[in-house]
Each structure stands twice: as C-alpha cells, then as structure tokens.
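Structure, as structure tokens:
The values are calculated or read from the model by the stated rules, or taken from the named source; none is laboratory data. Quantities reported herein were computed from a predicted structural model and do not represent experimental measurements. So basically every Cβ, Gly included, is an ideal-geometry build from the backbone, and we count neighbours across all protein chains shown. Ligands, DNA and RNA are excluded from the accessible area calculation, which covers all protein heavy atoms including side chains. Shrake-Rupley method; radii C 1.70, N 1.55, O 1.52, S 1.80 Å.
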Amino acid sequence: MRVLFDGLLRNRKALIGAIILAFVLLAAITAPLLTQYDPSARVGRPHQPPSLDHLMGTTRIGQDVFARLLYGARTSLAVGFGAGLLITAVGTALGIIAGYRGGKTDEVISFLTNMVLVVPNLPLLLVLAAFIGQASPLVIALILGLTSWAWGARVTRAETLSLKQKDFVKAAEMIGEPQWRIMAFEVFPNLISIVGINFIGSVIFAIITEATLEFLGLGDPRAVSWGTMLYNAQKASALSVGAWWEILIPCFALALLGLGMSLLNFAIDEVANPRLRTGNWRNRWVFLVRSGEGRL
Amino acid sequence: MAFLLRRLGFYLAAFVAAATVNFFLPRLMPGDPVQIMFSSAGAELPPESLQSLKLTFGFVDGPLWQQYLTYLASIFTGDLGRSIKYFPAPVTSVLGQALVWTVGLMGIATIISFTVGSLLGVLAAWRRGSAFDVIVSVGAIFATSVPAVVTSLIVVFVFGFTLGWFPSGYAADPRLDPAFSLQYVGSVLYHGFLPMVTLCAVLTGGFAVTMRNNMINLLGEDYVVMGRAKGLSDHYVMIWYAARNALLPTVSSLAIAIGTILGGSLVTEVVFNYPGLGNILYQAILARDYPVIQGQLLIMTATMLIANFIVDVSYVLLDPRLKGAL
C-alpha cells in the first residue's frame, strides 16, 4: 500500500488527475462563497451571454449558469462517489467471498455475476429509471450501485483465487484464523490496487451515467446537476438559438472531471502494473531482459 | 464440446432470466400497467373496449404464472406484441426498420474504430515513451473519459450549427424517397457522417488502450525476447510475436462491442435525431410504450448473449491451449 502511494506521488498522470479532482471538489465546497446567486432562482433576463454580472451567462428561464455549475458539481460528485462506493463495496465483498470460499457459494455468486454481466446495462438502467419516473440523484445513485457491481466482482474473484494459493494465506489458515479475518485482513489488503481501479472506474461510470440519464429526461428536472443543465439546455434548443454557454459549459465540466478521474485510474493501473509505465528506450531493454527472471 | 455446451446452457438460462425480469418489471411498478399505459394515451375508455384493447396488445388474464408462460411462449415464437405509439404496427416491424440504420451506423463505426484503434495501440506500445505514444495514450484517455453525450453535443454544435457543414438530424433528406439512387445514397452518407465521426471518436480510444496495454504486457514475455535474440527484425517480432497474441483479448472486446451495438449508440442517435434502435427505445420510454421497450431489451440481451457465445467459440479456435476443451 505504501509502495502504491509513493508511486502515485511520483506519477505525472496521477498528479494532474488529482489537481483536477481537487479543483472541482474545492469549487463544489466553496460554491456559496464564489457566487451570490441561488442556482434554482430566476436571477436575470433569459439567455444573457456571459458578462460581469453573470460570469457564464443565464439559462432560458434566467438562472445563473455559473451558480448552477458550482452547485451542480456537488450533485455530480456526491452521486459519483456515493454510487462508486456502493458498486465497489458490493463487488469487492462478493468477489472475495466467491474466490475464497469456493464451492457452492462460488458457483451461486459467479452465476449471478455472469448473468448480470451479459445483460446490457444502459438500456436496463434507462428502463428502470423510466419506470420509477423522475428519479432523484439519490435514487439514480442507488440504481447504479445495485446494478453495476458485476465487473468488479469478477475481477476481484479472479485475483482472490490466485492469492488464496499464496503462502501467507496458507499460514494464516494453519494458525487457525477465522475465515472472515483472513478475507478482511490477509486477502483484502493485497487487492487494494484492484479495489482502487474499480472504485475510480465506478465513480467515472456513475458520473457519466447520471448525466446521461438526466440528459435523456429520466431524472428529476428540478434537481441542480450537470445532467439536468444539459437536459434543460437541450429542451430550450440552446444550440439552435445560439446560447452556446448554456450547453457547452456543463459539457466542458463533465469532460474535465472525466479526464481527471481517468488520469488517476490510469496512474493507479501503471503503478500497480509497472510494465505499463512509460520508460525510455534503455529502460525498456533492461526491463525486457530482467522480466525473464521473475514474473510480476 | 462439453465446454461450449455448458456455455450454451448458461446463455439460455441468462436469456430466460432476462425475459423474466422483462416480464415482471412493469408488473412490479405501482398501479396496473395496462391502466397506466392506456390512460397516458389520453381518453377515458369504457371497460369493454379496454378489455378488447388489452387482448389486442396480447395481455392475458388469469393467474400470474399463466401470463408468464404465455409470455415466454410468445417470445420464442418471435411475437413481441404491438406498439402503442405506432399502433397497429407490430413491435418486430418497428424495431426492424430502426435496426437497419443502427447496424449500418454502428457496424461501420465499430469496424473503423477497431482497426484504427488496434493499429495505434500496437505502434504506441512498440514505441513506448516516444512522443507518438504520449499523444496516442493521452488522446485515448481523453476520448474514453469524455461522456458520449458531451462528444455528441460538441460535434453537433461545431459542425452542425456553427459551421453548418453537415445536417444535424435524420438519416437522410426527408424530402427524398428511399430508393437505390445515387442521390438518396449520397444523402444517407451525408447525414450519417457526423454521427459516424462521433461514434468513432468515442470508440477508438478504448480499443487503442486495450491493445497498447496487452502489447506491453506481452513484450515482457520470454518468447518476444527470444524472437529478438534470434535476430529477427523489429517489424517481424512486433507483428508476428507480439501483436498476434495481443489481439486475442482484443477479439473479446470487439465481440462485446458488437454485442452492444444495438444499445451503444443511444445517446448519439438521440442527439443527432437519427432513426436507429437507440432513438426508438428513447422515444418508447418517453411515450411509455411498454411493448416496444420490452422487445428492445430482449433483442439487446439476445445479441449480447450471441456475441458472448461467439467470443467463447473464437477463443477455443484461436487459442491452441484451449483446443482440448472442444
């Protein structure tokens, strides 16, 4: 774990990703200090272009786009991290239990996992959200969390299977440690890079999917979030009337946050799997020769 | 053979499970789905015509298990009921029309992205650390992390509205009659260009990253070092030692991409108002057209399952280590 963090500190992708994430996080937390406007209130004339009064212009019904962007970041981050946590927790727990216990437990969990994996996710989410109707960000986070854990469970199970054969796990079994303790304190800490990749990947997935569902009009249109900003802008035909700020600003915000999180994800992947790290020509040769000695 | 048969059994079970979810979803929602369905259509209906309408739509009375069995039987005979929005068109013909557009659009986009992405991935891995690798890696990360909604909206804004180079809606000029003429085909290509570019931008990065990472993992393998030690040329080792084996896991992501073709372009189709399956599903959801939604979900699940089965077969065929499983 220590190695992981040290590696991350020295990785440029991780640094840029972390800076972007910190920037968005800070903007979300300090929203009331940065703008005096209420994100839901009508505070100006409709479709005003960016000006000193309204830094990023106003929407069709005269809401301040900058205020909506800042407060919307709170929703996106909350849904992203909430759903991401849920997805990772369920996936990791099921994966470790299936991989470590084996036998009937494994068969049942694996069957369930494979089943969920082959059913297309986005259409199912759309239908669920449509049946529930005007899903609030919290409901969207819950739906995402409960339907998207399968990939994590499969990867975690595969890793657990190989960890189970390691000496330190065998030793813990000999000493007579209880199963839950082995799973929580012997197996889990060694899965930390997979859990990290799974978590950040899930956060990205949740942020994108929440925005997509809301853009398609399946969310609660009164919620303040980047997805509903896009939905309202599209409904107000912002593009064809030339109100580019109403639609492009949430677009760039989503792209920026997505990029930051992806950079973090790739960085963890590289640190956990050093072969992926970029090296110069010489390093590659040294590496090619050395890799014959011991597999990572 | 036993391996493939076991997989086939699993996929059949998964399909029945998906059909079951499909059957119970509208019935688990609060209120009578049939009532909601027809009341959203507007007029108040007398009970007897409601009853006959229910029958036309294939709703069967009786205990739940009986309805369920009827439903399963009708699926396996290819009868998906009738659409509410496009009444009296059967669901199969509504979906069939849209299918052509989606398969054309997504099919070509997938093939282009797979070819270009894999090639970029191989080259980037081989020249790891070079400027080329940095550009490809960062570009791919960026392309995969931007939501498809955002890419679609920006493309339609820049090329459709601001520059006005390409149309921002429909699959062809609506004033033209569908025909196999130069004019009509040209119009289809012209209208399909922007959605195609958007989809390629969304898909290529993923293939490039997968291929690059596979390659890098394989470049450390003994047999690649061996190939170099034998004095083979760079290109020979790159293509016949590394890329050939790195392609194996990519084949499975290609098949999964093909499996998601039917649903994968939903957002792009909605933004570009393209009459494909994704857009039909979206319209059906807005109109609460349950038969179309259910039919669509089933078709998507079925394609996904078939794609997975093809992956299994291709693995057995491509990977000699699995030959024994046949």
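A few comments on the model shown:
- In the assembled protein chains, residue A:54 presents an accessible area of approximately 20 Å² (probe radius 1.4 Å).
- Placing +1 on the Cβ of every Lys and Arg and -1 on the Cβ of every Asp and Glu, with nothing else charged, gives region B:120-224 a dipole about its Cα centre of roughly 160 debye.
- Divide the volume of the convex hull around the Cα atoms of region A:49-176 by the residue count and you get 164 Å³ per residue.
- The share of C-alpha pairs in region A:5-98 whose separation exceeds 18 Å stands at 62 percent.
- The C-alpha atoms of chain A define a longest principal axis, and helix A:192-215 lies at about 30 degrees to it.
- Only alpha carbons enter this Debye calculation for region A:194-279, each as an equal point scatterer, and the log10 of I(q)/I(0) it gives at q = 0.10, 0.18 Å⁻¹ is -0.35, -0.78.
- Approximate shape of region A:68-123 as ellipsoid semi-axes (Cα gyration tensor, √5λ), whole Å, largest first: 32, 14, 4
- Highest-MSF residue in chain A out of A:113, A:30, A:88 [GNM, Cα springs under 10 Å]: A:30
- Using heavy atoms of the protein chains and a probe of 1.4 Å, the accessible area assigned to residue B:114 is about 40 Å².
- Solvent-accessible area of residue A:154 with every protein chain in place, 1.4 Å probe, in Å² to the nearest 10: 120
- Region B:185-215-region A:91-134 distance, computed between alpha-carbon centres (Å): 29
- Each 5 Å bin from zero up to the one holding the largest Cα-Cα distance in chain A carries the following percent of pairs: 1, 5, 10, 13, 14, 13, 12, 10, 8, 6, 4, 3, 1, 0, 0.
- Hz values of 3J(HN,Hα) by residue in region A:76-83 - Karplus curve (6.51, -1.76, 1.60), Gly and Pro given as x: 4, 5, 5, 5, x, 6, x, 5
- The spacing between region A:151-220 and region B:124-173, judged by their C-alpha centroids, is 32 Å.
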